[in-house]
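Everything below concerns the one structure shown next.
The values are calculated or read from the model by the stated rules, or taken from the named source; none is laboratory data. Note that this is a predicted model, so its numbers are computed, not measured. Glycine gets a Cβ as well: all are built from the backbone with ideal geometry, and neighbour counts include every protein chain shown. To get the accessible areas, we keep the full protein, side chains included, count just its heavy atoms, and leave off ligands, DNA and RNA. Shrake-Rupley method; radii C 1.70, N 1.55, O 1.52, S 1.80 Å.
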Amino acid sequence: MNNYFDAFDHVAPDGPIDPGFDAEAFDTRMDAAGIVAELFRHADAEQAEQMAAYMRDQFPFLGVRADARKALTRPYFKVAKKDDRVDWSFVSSAWAYPQREFQYVAVDYLRVVAGKLSAEDLPKLHTLIESKSWWDTVDMFHPVIRQIAEREPEAKTAMREWARADNVWTRRSAIIFQLGSRAGTDTELLSEIIVANLGRQGSAPGTEDFFINKAIGWALREYSKTDAHWVRAFLADHELANLSMREASRYL
């Protein structure tokens, strides 16, 4: 099983994801090097192979499962909460590692310090969403974006722009960013974003990318727990892909 790790011995971390991230380095209280060491110390080749296979072998893994990862990083993030701002240099460094757990840790960290983020940080989040993209990391960002939009309504303007982007992961992020808003959901915005993504890649309704159709269904399904009547009316007024309709109707 050690052969799995041997194949990645020569792989070095990438350079900074964006020079602007590292330009904001500061004397953080968090021991970032300790986090890296802990993750490597708990590597498990057998788990790594299974986790990589689940993600279609797009990324190498250390084999540190989510519950273990969160337990390992919890004391470090507890210290990070005491910093007066976000350590974007740490986020950039974590994103540079080839092993997928480091991207998970970067988003875990951003979720912990989400209260320190503002609409001005959305371009950085956008950069992360469009780098090393797959549903596993992209979907972790929605609570961070939602919290920003709840505090700063002008962030919704960015979500309108993201909803019309060329990048599928940016559009998916716009569709699902209100997950968890419940009664606070901006239904006018939700409708606008979904409609902007109906059948974009073809002439017939429902020909959009799988991940977009899945996101549409997910967003509507979750909101149906709060306002089933609104979701029923939306489904009646719009022709959705079968996948979106099936997901959206699950609790109706």
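Tabulated results
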read-out	value
Dipole of the chain, positive end: most advanced residue of Val168, Leu125, Ser224 [Cβ charges, Cα centre]	Ser224
Rounded percent of accessible protein surface that carbon and sulfur make up, segment 24-106, 1.4 Å probe	47
0 to 90° range, to nearest 10: angle between helix 66-80 axis and the chain longest Cα axis	80
Segment 89-180 shape via C-alpha gyration tensor axes, a/c threshold 1.5	oblate
The chain - percent relative contact order, Cα under 8 Å, separation 6 or more	13
Trypsin sites (Lys or Arg not before Pro) lying in DSSP loop within segment 75-126, provided at most 14 other Cβ fall within 10 Å	Lys81, Lys82, Arg85
Electrostatic dipole magnitude of the chain [Cβ: Lys, Arg +1; Asp, Glu -1; Cα centre; debye, to 20]	820
At most 16 other Cβ within 10 Å, DSSP loop - GluC sites (Glu not before Pro), segment 35-124	none
Solvent exposure of the chain as accessible area per residue, Å², 1.4 Å probe	48
Sparse-neighbourhood loop sites, chymotrypsin sites (Phe, Trp or Tyr not before Pro) in segment 215-252 - DSSP loop, at most 16 other Cβ within 10 angstrom	Tyr251
Overall form of the chain per C-alpha gyration tensor (a/c, 1.5; a/b vs b/c)	prolate
Estimated distance in nm for a label pair at Ala45 and Asp57, the labels positioned 7 Å out from Cα along Cα-to-Cβ	1.7
Between 0 and 90°, nearest 10: helix 45-54 axis offset from the chain longest Cα axis	20
Anisotropy class of segment 128-252 from Cα gyration tensor, a/c 1.5 cut	oblate
For the chain, calculated [θ]222 nm from helices alone, where every DSSP H run of n ≥ 4 adds -39500 (n - 2.57)	-16500 deg cm²/dmol
C-alpha center-to-center spacing [segment 30-54, segment 139-197] in angstrom	31
Principal-axis tilt of helix 100-112 within the chain, Cα atoms, nearest 10 degrees	70
Cβ-based charge dipole, segment 82-155, positive-most Cα from Ala149, Trp88, Pro98	Pro98
